[in-house]
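To start, the structure under review is shown below, and the notes come after it.
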């Protein structure tokens, strides 16, 4: 929104005589150079499109549903985008969410412990899985695709195997009557009513994660390390960037976000299905890519991933509001995503040309 | 309304098409195809001479060549489609059958909107039949019928939320993952939208405030299978689960195990990968020749089990849950022993019709208990009649 309007006022000549790094760039030009620009324009286009195509899309309650759907994708898309900027993938991100919920629920239930104990154990476990992914990756130097594919399959099996072994069925037993459930629910799965419309707390988590990730990327040394590691790992190591620490940290970030998402699943639905989450990892990756993160690493943004998730949420629910036949749902979804990405690409190229 | 008036195919007209065996459809598409045909071919020829001389521009030459070939291929396909008519089966026979299942609204109540959200995966044959039943009732009851599905609980709940946002007049949902749907149904109740649950969730339906539940109790269905196997004198059976982690599937096998006097083992296969299903079953049959019965949990897997049995050289009887055209044909030819039908068409049809009755007359069926649509044991005796309906896609 903010980025399209200044596009016309940007033809000022840059002063090439001075060192370009010391140049003071104007705000519009700074915005034009941002990776998320295309995603913002894409999101705007999808929004306008469904505002016309679907009557009930613009209601406050519909927007709350759309934002909720976007937030459940967006919470995971943030660390996945950071990881992608750092040059790696995580295919285990989708099932890790389910693992996190299962661990928390089953630990509390079996130990008859306060629910918060399970929540803590779950956090430690997901972080440990992140460390495992990062450690295996940096140690073996195998592509992250292979390492995390292995983790993905192992977690899928563990989720089902352990759940059946412990609970006897494929879903966990309800923990809604246990101590600490209500307070944990407030943190992970409550609703905030604004003007008669209930908004899910995941939206706040999403915004907070985007803000923290953006601050890390743009204002801290760790942020520079992430860009450096993704851009050229050997060069980064040569100038003293702690490559191993950075990558392990990025995978732990995915673990943390998976913990948040998993706890949300658990506390909004009481019980967890062991077989879910498979396939979602691709959606997180797509959200990050639409948001302007390069698959090859070294470029991207956290805000972009938020807009990518927003495009996904709007498209997924917009199709329902527009009453399009569900048989074509996946086609529409794919076509919208492709169009949004193409628009994104086109806008970025134009923006770079005017720089 | 307008949609219904657009297809004024009455039952009589539908039947006359089948009886005289003519093709009232052919005169219409013929000129249509003719136009596209020359259009595509013409485009290919027009572009070819313009680009061919410019050999140095290899890219354009290539594009032109591709276009020419594409034109030729398209023309050929259309030509074959035009001339090579089949006098049996195919789309025409299907259309003739289908003609009977259309119609127009039989009531003049306002056009209410009813949304249905199921836990079906994409392209599932079973849910297609449920949906057909619902659509048929919607036509008759002058209802604007919306349908959406997702196999993950969270997403399914969001779809229900979307329909509540749309302020539909009635909701039909499945409760395969009841915990995930609880909040969404509470929201529907708050918004004053009547809900009917179908297929799965008989235990939770009432608690969640639904008007009625229409479906089959999976455990009772399993028990019926166990009893039927006893009647047939079976000793060692295999229960093939094609979806790991599906509670309903576990219940079916558990129910069968409960009443079956012989021994029964569970075998897990990956239902999305048919070759895996086949090799999994045949490996099991090869390793244990004492198995004399294989029970599959879905109609598409019965046929695969028959192939697996042939691969393994086993003499086991194949029985299955659910019905489709192939299963009906298999029953008729005695390749299959029996099928347990839960009448999915009825689940969709009744759900829409009951919501209409509730809106129109505040009628509720079932008296607070599930309305059962199964289990119905189908053997070769009933297969002949059912095969026709199954081919039509309503059984």
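The values are calculated or read from the model by the stated rules, or taken from the named source; none is laboratory data. Computed from a predicted model, the values in this text were never measured in an experiment. Virtual Cβ from ideal backbone geometry, glycine too; neighbours counted across all protein chains shown.
Computed values, structure above
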item: All positions within region A:270-300 that are over 11 Å from the mean Cα position of the chain (by Cα) and away from chain B (no Cβ under 14 Å); result: A:290, A:292, A:293, A:294, A:295, A:296, A:297, A:298, A:299, A:300
item: Residue list for region B:131-159, filter: part of a helix (DSSP H, G or I), within 10 Å of chain A (Cβ to nearest Cβ) and in contact with a strand residue (DSSP E or B) (Cβ under 8 Å, 6 or more places away or on another chain); result: B:131, B:153, B:159
item: Residues (under 27 Å from residue A:87 (Cα atoms) and either in contact with a strand residue (DSSP E or B) (Cβ under 9 Å, 6 or more places away or on another chain) or more than 14 Å from every other protein chain (Cβ to nearest Cβ) (or both)) located in region A:310-334; result: A:310, A:311
item: Conditions (1) outside any loop (DSSP other than H, G, I, E, B); (2) more than 26 Å from residue B:173 (Cβ to Cβ); number of the one not met by residue B:289; result: (1)
item: Positions within region B:239-277 being closer than 16 Å to residue B:225 by Cβ and either part of a helix (DSSP H, G or I) or at the interface with another protein chain (Cβ under 10 Å from one of its Cβ atoms) (or both), in sequence order; result: B:248, B:249, B:250, B:251, B:252, B:253, B:254, B:255, B:256, B:257, B:258, B:259
item: Members of region A:329-355 that are free of Cβ contacts under 8 Å to residues at least 12 places away in the same chain and under 24 Å from residue B:117 (Cα atoms); result: A:329, A:330, A:331, A:334, A:335
item: Residue match in region B:213-221 (condition: under 16 Å from the mean Cα position of the chain (by Cα), touching a residue at least 24 places away in the same chain (Cβ under 8 Å), more than 9 Å from chain A (Cβ to nearest Cβ) and surrounded by 22 or more Cβ atoms within 10 Å (Cβ to Cβ)); result: yes
item: Candidates B:200, B:205 - the one that is under 26 Å from residue B:362 (Cβ atoms) and surrounded by 22 or more Cβ atoms within 10 Å (Cβ to Cβ); result: B:205
item: All positions within region B:185-197 that are within 14 Å of another protein chain (Cβ to nearest Cβ), surrounded by fewer than 21 Cβ atoms within 10 Å (Cβ to Cβ) and part of a helix (DSSP H, G or I); result: B:186, B:187, B:190
item: One residue from A:89, A:49, A:57 being under 30 Å from residue B:166 (Cα atoms), out of contact with any strand residue (DSSP E or B) (no Cβ under 6 Å at 6 or more places or on another chain) and away from chain B (no Cβ under 14 Å); result: A:49
item: Test: residue in region B:229-244 that is under 20 Å from the mean Cα position of the chain (by Cα) and over 24 Å from residue A:275 (Cβ atoms); result: no
item: Check on residue A:69, away from every other protein chain (no Cβ under 14 Å), assigned to a helix (DSSP H, G or I) and touching a helix residue (DSSP H, G or I) at 6+ places or on another chain (Cβ under 6 Å); result: no
item: Qualifying residues in region A:260-269 (those that are under 24 Å from residue A:168 (Cα atoms) and touching a residue at least 24 places away in the same chain (Cβ under 8 Å)) - the one farthest from the other protein chains (Cβ to nearest Cβ); result: A:263
item: Unmet requirement for residue B:231, which otherwise passes all of (1) farther than 22 Å from residue B:358 by Cα; (2) surrounded by fewer than 18 Cβ atoms within 10 Å (Cβ to Cβ); (3) in contact with a helix residue (DSSP H, G or I) (Cβ under 8 Å, 6 or more places away or on another chain); result: (3)
item: Qualifying residue in region A:235-250 (condition: within 14 Å of chain B (Cβ to nearest Cβ), surrounded by fewer than 24 Cβ atoms within 10 Å (Cβ to Cβ) and under 30 Å from residue A:183 (Cα atoms)); result: no
item: Checking residue A:190 against (1) surrounded by 15 or more Cβ atoms within 10 Å (Cβ to Cβ); (2) without any contact (Cβ under 8 Å) to a residue 12 or more places away in the chain; (3) within 11 Å of another protein chain (Cβ to nearest Cβ), the condition it does not meet; result: (3)
item: Hey, residue A:174 surrounded by fewer than 17 Cβ atoms within 10 Å (Cβ to Cβ), within 14 Å of chain B (Cβ to nearest Cβ) and assigned to a strand (DSSP E or B) or not; result: no
item: Qualifying residue in region B:115-137 (condition: over 20 Å from the mean Cα position of the chain (by Cα), surrounded by fewer than 22 Cβ atoms within 10 Å (Cβ to Cβ) and modelled with pLDDT of 75 or more); result: no
item: Among (1) more than 14 Å from chain B (Cβ to nearest Cβ); (2) modelled with pLDDT of 85 or more; (3) closer than 24 Å to residue A:50 by Cβ, the one test that residue A:341 misses; result: (2)
item: Any hit, region A:146-162, residues being in a loop (DSSP other than H, G, I, E, B) and out of contact with any strand residue (DSSP E or B) (no Cβ under 8 Å at 6 or more places or on another chain); result: no
item: Residue in region B:168-184 that is more than 8 Å from every other protein chain (Cβ to nearest Cβ), closer than 21 Å to residue A:319 by Cα and part of a helix (DSSP H, G or I) present; result: yes
item: Failed item, numbered, when residue B:327 is tested on (1) part of a helix (DSSP H, G or I); (2) closer than 29 Å to residue B:113 by Cβ; (3) touching a helix residue (DSSP H, G or I) at 6+ places or on another chain (Cβ under 8 Å); result: (2)
item: Residue among B:209, B:201, B:226 that is under 13 Å from residue B:251 (Cβ atoms), free of Cβ contacts under 8 Å to residues at least 40 places away in the same chain, in contact with a strand residue (DSSP E or B) (Cβ under 9 Å, 6 or more places away or on another chain) and not in a helix (DSSP H, G or I); result: B:201
item: All positions within region B:349-381 that are part of a helix (DSSP H, G or I), out of contact with any strand residue (DSSP E or B) (no Cβ under 7 Å at 6 or more places or on another chain) and over 18 Å from residue B:127 (Cα atoms); result: B:357, B:358, B:360, B:361, B:380, B:381
